[in-house]
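The block underneath contains the structure these notes are about, expressed in structure tokens.
The values are calculated or read from the model by the stated rules, or taken from the named source; none is laboratory data. Please read these numbers as outputs of a predicted model, since none were measured by experiment. Glycine gets a Cβ as well: all are built from the backbone with ideal geometry, and neighbour counts include every protein chain shown. These accessible areas exclude ligands, DNA and RNA; they are computed on the full protein's heavy atoms, side chains included. Shrake-Rupley method; radii C 1.70, N 1.55, O 1.52, S 1.80 Å.
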Amino acid sequence: ALGTDTVYLCAVDVAGNACSFICSNYHGFGSGLVPATCGFTLHNRGHNFVLDPTHPNRLGPGKRPYHTIIPGMATDADGLVAAFGVMGGFMQPQGHVQVLSNLLERGLDPQAALDAPRFCLVPSEQGGSLQDAAGLETASLIVALEAGVPEAVAAELERRGHRVHRGVASYDRKLFGRGQVIFRAPPQHAGDPAVLWAGSDGRGDGAAMGFC
């Protein structure tokens with residue numbers, strides 16, 4: 001889930017129309033089905049359903065199984081605010097919240113919002129996956145902190161009873177995913193166009209590009 005089988009892209013035009021798109025084969029070659037003449041495999045993202053009737057991700061009519069194809073888009077009364085997405089398996093919902101918080105609450109620009117150090121809640125059990133973390137109590141989780149998170153933050157988390165793994169760096173940063181953002185800043189003056197502002201995560205190999 002933290003490999004290289006997921007691609008996220010987003011695009012916004014001058015009118016504010018946006019596309020936020022994520023694709024991943026999931027299990028190796030996905031479903032193993034190849035549409036005739038197309039040359040690519042279909043994914044098997046319906047895999048993660050649960051048959052336990054008490055589980056939130058239980059299979060049922062009108063429901064989609066919880067999985068990690070979750071491209072993000074934020075809007076307000078004036079239209080598009082941002083198209084964004086974070087790849088990285090079950091880090092995705094955690095990454096989405098952190099990047100969006102960086103944009104809207106901390107006021108960071110798209111590149112800074114992506115570059116900011118992240119945290120990830122992971123199961124403490126040997127071999128546990130991020131999917132397993134969804135229903136666990138705090139005592140069964142470890143808060144992994146990327147290198148760059150201040151020591152004061154780590155110490156405060158420990159004071160509050162969390163188990164902390166500090167300074168995750170180098171290739172291990174793949175745990176925190178990688179993403180892209182296009183932010184649509186409102187015009188400064190009446191009649192001016194909105195400004196599109198983009199960023200691409202340095203943890204991956206994407207790019208932010210504009211075309212006139």
| Any strands (runs of 3 or more DSSP E) falling wholly within the stretch 1-109 and containing at least 1 residues that are surrounded by fewer than 15 Cβ atoms within 10 Å (Cβ to Cβ), out of contact with any strand residue (DSSP E or B) (no Cβ under 6 Å at 6 or more places or on another chain) and modelled with pLDDT under 95 | 72-76, 79-87
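Which of the residues spanning the stretch 186-209 are in contact with a strand residue (DSSP E or B) (Cβ under 7 Å, 6 or more places away or on another chain), in a loop (DSSP other than H, G, I, E, B) and either open to solvent by 40 Å² or more (accessible area, probe 1.4 Å) or modelled with pLDDT of 90 or more (or both)? Working first, answer last.
Taking the stretch 186-209 first, the residues in contact with a strand residue (DSSP E or B) (Cβ under 7 Å, 6 or more places away or on another chain) are 194-201, 203-204, 206-208.
Narrowing the set further to residues that are in a loop (DSSP other than H, G, I, E, B) leaves 194, 201, 203-204, 206-208.
Scanning the stretch 186-209 gives ASP201, ARG203, GLY206, ALA207, ALA208.
Being closer than 30 Å to ASP205 by Cβ, open to solvent by 80 Å² or more (accessible area, probe 1.4 Å) and in contact with a strand residue (DSSP E or B) (Cβ under 8 Å, 6 or more places away or on another chain) is the filter here, so list the residues in the stretch 158-172 that pass it.
Taking the stretch 158-172 as the starting set, the residues that turn out to be closer than 30 Å to ASP205 by Cβ are 164-172.
Filter once more, so that each one left must be open to solvent by 80 Å² or more (accessible area, probe 1.4 Å): 165-166, 170-172.
Those that are closer than 30 Å to ASP205 by Cβ, open to solvent by 80 Å² or more (accessible area, probe 1.4 Å) and in contact with a strand residue (DSSP E or B) (Cβ under 8 Å, 6 or more places away or on another chain): HIS165, ARG166.
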| Out of all the residues in the stretch 123-157, which are farther than 22 Å from ARG203 by Cα, touching a helix residue (DSSP H, G or I) at 6+ places or on another chain (Cβ under 9 Å) and at pLDDT below 65? | GLY128, ASP132, ALA133, ALA134
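Name the one entry in ARG58, ARG45, ARG106 that is without any contact (Cβ under 8 Å) to a residue 12 or more places away in the chain, basic (Lys, Arg) and closer than 25 Å to LYS174 by Cα.
Details: ARG58 fails: closer than 25 Å to LYS174 by Cα; ARG45 fails: without any contact (Cβ under 8 Å) to a residue 12 or more places away in the chain.
Result: ARG106 is the single residue among ARG58, ARG45, ARG106 that is without any contact (Cβ under 8 Å) to a residue 12 or more places away in the chain, basic (Lys, Arg) and closer than 25 Å to LYS174 by Cα.
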| Has the stretch 173-185 got at least one residue that is open to solvent by 50 Å² or more (accessible area, probe 1.4 Å) and either assigned to a strand (DSSP E or B) or closer than 30 Å to GLY16 by Cβ (or both)? | yes
